[in-house]
Amino acid sequence: MELLDSFLPHGLATVIWIVLKIVLIVLPLMVLVAYYTLAERKVIGFMQVRIGPNRVGPNGLGQPIADALKLMFKEIILPTKANKVLFLIAPLLTLGPALAAWAVFPFDAELVLADVNAGLLYILALTSVGVYGVIIAGWASNSKYALLGAVRSAAQIVSYEIAMGFAIVGVLVAAGSLNLGDIVRAQDGSLFHWFWLPLFPLLVIYFISGVAETNRAPFDVAEGESEIVAGFHVEYSGMTFAVFFLGEYANMILISALTALMFLGGWLSPFQGTFLEPVFAWVPGLVWLFLKTAIFAFLFLWFRATFPRYRYDQIMRLGWKVFIPITIVWIMVVGLAVVLELPWWFD
Amino acid sequence: MLENYLPVLIFIVIAFVIGAVMMGMGFMLGSRKPDSEKDSPYECGFEAFEDARMKFDVRYYLVAILFIIFDLEIAFLFPWAVVLGEIGMVGFVAMSVFLGILVVGFIYEWKKGALEWE
């Protein structure tokens, strides 16, 4: 920063410094997304007693790069009947928010790009924009399958967004702040001060809603390859499809990381307050955050390998008739506990 | 205070630029061989018939309307949740009344069958 300041005007130096930091976040994230797709194929492969991709590079480690190169050289089809501008904006609206949400994400106690007080509100707002990508893609494609997939998907996403929002309100009540860093600091103490214990129903609901929000199995009727082919992105090919794909996987990692942050204490060491704490004091918080995120990221893959697809009416019933009532009740329980100063996880 | 949000703004711009650049590279590197059959809407081997912008179930609209009500509710709950520790019992009771009204409406729509998908 000082170096840049010395030979550039102050405003420009600040902007370049910020851009450098953003690149430091986005590049590892893109690599993570690329290798998450490989991890998915490997994990599901092993669960089905196969080996998974193993041709490109040692153990198939070159596979994501090969996939990216292949997609880059594929033809991008613009259907004649499609609304061209909207057709091209839709993938951007899926990938953009999935990346931009990381702006306020605290990776460690001091490691955050923008330490803003409205952090969680910003993330909730950005993840809500994702539904526009889906619905615009479905409408602009001007294809029956795409429209059906988009409408199904949009109704499903907004339904689960309510349960998700209520679960986040529960976290806010317990933490008393919208700042993501403060939410983690409110869980300081030990494994049993993390919010997974007092907010356990909300943890389950938040994560399952996250799976439904990202249109992942077992909630993937929007894609439903056996009936509506690929849903809203049936007309997309080449890089336009790749951008959708990246957006979906970036969203999955984002949901996993947010769950780890709000319910599993983010960067906090799991050995806090025990005799093991000094032994593991050298491990940076980023590593703990990564491991906790990996747990949920793995669950995403495990779900896909395990559960058969839900029927649409079952999905809507789960969202509206099970999750929303439970979250409302649990918000009141947590709210009452906070007002009566019962919460022992606060000290 | 507000300069805290500058990185957020730059991040949003960069996020969209990344997507645009990736698609731009696809356009530059990929081949372009347009063909009237290839570029027609996909329909399992059929010639596409009728308009693709077809009618769909009214219940999707219903879900969207209900979503707006509940999403607003969440927007109201956010500030309340942040300061609940300070406003204490009065704030809690006030929000209970508000949530109670919402729940009455929720039960009504449930009984009316607005949430049924046969």
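The values are calculated or read from the model by the stated rules, or taken from the named source; none is laboratory data. Not measured: the values here are computed from a predicted model. A quick note on method: Cβ atoms are made from the backbone with ideal geometry, for glycine too, and the neighbour counts reach across all protein chains shown. For accessibility, only protein heavy atoms count, side chains too; no ligands or nucleic acids. Shrake-Rupley method; radii C 1.70, N 1.55, O 1.52, S 1.80 Å.
For (1) under 17 Å from A:Ile183 (Cβ atoms); (2) within 14 Å of chain B (Cβ to nearest Cβ); (3) open to solvent by 80 Å² or more (accessible area, probe 1.4 Å), each residue gets a yes or a no:
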residue: A:Trp267; (1), (2), (3): yes, no, no
residue: A:Phe271; (1), (2), (3): no, no, no
residue: A:Thr274; (1), (2), (3): no, no, no
residue: A:Ala281; (1), (2), (3): no, no, no
residue: A:Pro284; (1), (2), (3): no, no, no
residue: A:Ile315; (1), (2), (3): no, yes, no
residue: A:Ile331; (1), (2), (3): yes, yes, no
residue: A:Leu340; (1), (2), (3): no, yes, yes
Worksheet item: Within segment A:99-113, how many residues turn out to be more than 13 Å from A:Leu29 (Cβ to Cβ), buried (at least 22 other Cβ atoms within 10 Å of the Cβ) and either facing another protein chain (nearest Cβ under 9 Å) or without any contact (Cβ under 8 Å) to a residue 40 or more places away in the chain (or both)?
Response: 1
Practice prompt. Check whether at least one residue in segment A:115-123 is of a type in the set (Val, Ile, Thr), open to solvent by 10 Å² or more (accessible area, probe 1.4 Å) and in a helix (DSSP H, G or I), and report yes or no.
Written response: no
Fill in: Residues within segment B:45-104 that are among the acidic types (Asp, Glu), at pLDDT below 85 and not in a loop (DSSP other than H, G, I, E, B), tallied
1
Discussion item. Restricting to segment A:276-317, name every residue that is outside any helix (DSSP H, G or I) and either touching a helix residue (DSSP H, G or I) at 6+ places or on another chain (Cβ under 9 Å) or without any contact (Cβ under 8 Å) to a residue 12 or more places away in the chain (or both).
Written reply: A:Leu276, A:Glu277, A:Pro278, A:Val279, A:Phe280, A:Trp282, A:Arg309, A:Tyr310, A:Arg311
Discussion item. Out of everything in segment A:231-252 that is under 19 Å from B:Met28 (Cβ atoms) and among the hydroxyl-bearing types (Ser, Thr, Tyr), what residue ends up being farthest from the other protein chains (Cβ to nearest Cβ)?
Written reply: A:Tyr236
Discussion item. Here are the criteria: (1) under 24 Å from A:Trp194 (Cβ atoms); (2) within 10 Å of chain B (Cβ to nearest Cβ); (3) open to solvent by 10 Å² or more (accessible area, probe 1.4 Å). Tell me which single one A:Gly335 does not satisfy.
Written reply: (3)
Worksheet, complete the sentence: Picking from A:Val43, A:Val33, the residue that is buried (at least 16 other Cβ atoms within 10 Å of the Cβ) and within 24 Å of A:Tyr132 (Cβ to Cβ) would be A:Val33
Response to the item:
Filtering segment A:66-94 down to residues that are more than 7 Å from chain B (Cβ to nearest Cβ), farther than 21 Å from B:Ser36 by Cα and crowded, with 16+ Cβ neighbours inside 10 Å yields A:Asp67, A:Ala68, A:Leu71, A:Ile89, A:Ala90, A:Leu93, A:Thr94
Discussion item. Please determine whether any residue of segment A:34-53 is on the phi > 0 side of the Ramachandran plot and touching a Gly at 6+ places or on another chain (Cβ under 9 Å).
Written reply: yes
Item to complete: Six or more apart or on different chains, Cβ under 9 Å: which pairs go from a residue in segment A:81-98 that's more than 22 Å from A:Leu126 (Cβ to Cβ) to one that's outside any loop (DSSP other than H, G, I, E, B) and open to solvent by 50 Å² or more (accessible area, probe 1.4 Å)? Could you list them?
Response: A:Asn83/A:Trp139
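Okay, residues lined up against (1) among the β-branched types (Val, Ile, Thr); (2) crowded, with 21+ Cβ neighbours inside 10 Å; (3) in a helix (DSSP H, G or I):
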residue	(1), (2), (3)
A:Ile183	yes, yes, yes
A:Phe195	no, yes, no
A:Tyr206	no, yes, yes
A:Ser209	no, yes, yes
A:Pro218	no, no, no
A:Val221	yes, yes, yes
A:Phe232	no, yes, yes
Item to complete: Inspect segment A:242-264 for any residue being modelled with pLDDT of 85 or more, open to solvent by less than 50 Å² (accessible area, probe 1.4 Å) and outside any helix (DSSP H, G or I) and give the result as yes or no.
Response: yes
